[in-house]
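The values are calculated or read from the model by the stated rules, or taken from the named source; none is laboratory data. Keep in mind it's a predicted model, so treat the numbers as computed, not measured. Because the Cβ atoms are built from the backbone with ideal geometry, glycine has one as well, and the counts that use them run over all protein chains shown.
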Amino acid sequence: MIGRGCEAVFVLSCPHGPPQLRENYGYARQQLNRIVAALLAVLTDLCWHWRQIHGPDR
């Protein structure tokens, strides 16, 4: 996630989650919580697309 001079990297932990913060450059904890909530809302779709691109073994 990149925006407003901030950047965060999450490990999705497919297929069951929860997403785990790997790196954070500038986001406040409250903002990170909102990002995690948004990721959780679409985690199934994100994981499906990841498998389509990278294969089921990754």
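Results, tabulated for the structure shown:
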read-out	value
Where a residue in the range 7-19 is surrounded by 17 or more Cβ atoms within 10 Å (Cβ to Cβ) and its partner, wherever it lies, is hydroxyl-bearing (Ser, Thr, Tyr) and modelled with pLDDT of 90 or more, with Cβ under 8 Å and at least six apart	8/25; 8/27; 19/13
The one condition in (1) within 15 Å of the chain's Cα centre (by Cα); (2) loosely packed, with under 11 Cβ neighbours inside 10 Å; (3) part of a helix (DSSP H, G or I) that residue 46 fails to fulfil	(2)
Close pairs (6 angstrom Cβ cut-off, 6 or more residues apart or separate chains): surrounded by 12 or more Cβ atoms within 10 Å (Cβ to Cβ) in the range 26-40, among the aliphatic types (A, V, I, L, M) anywhere	27/8; 35/1
Number of the condition not met by residue 21 [criteria: (1) over 9 Å from the mean Cα position of the chain (by Cα); (2) in a strand (DSSP E or B); (3) among the aliphatic types (A, V, I, L, M)]	(1)
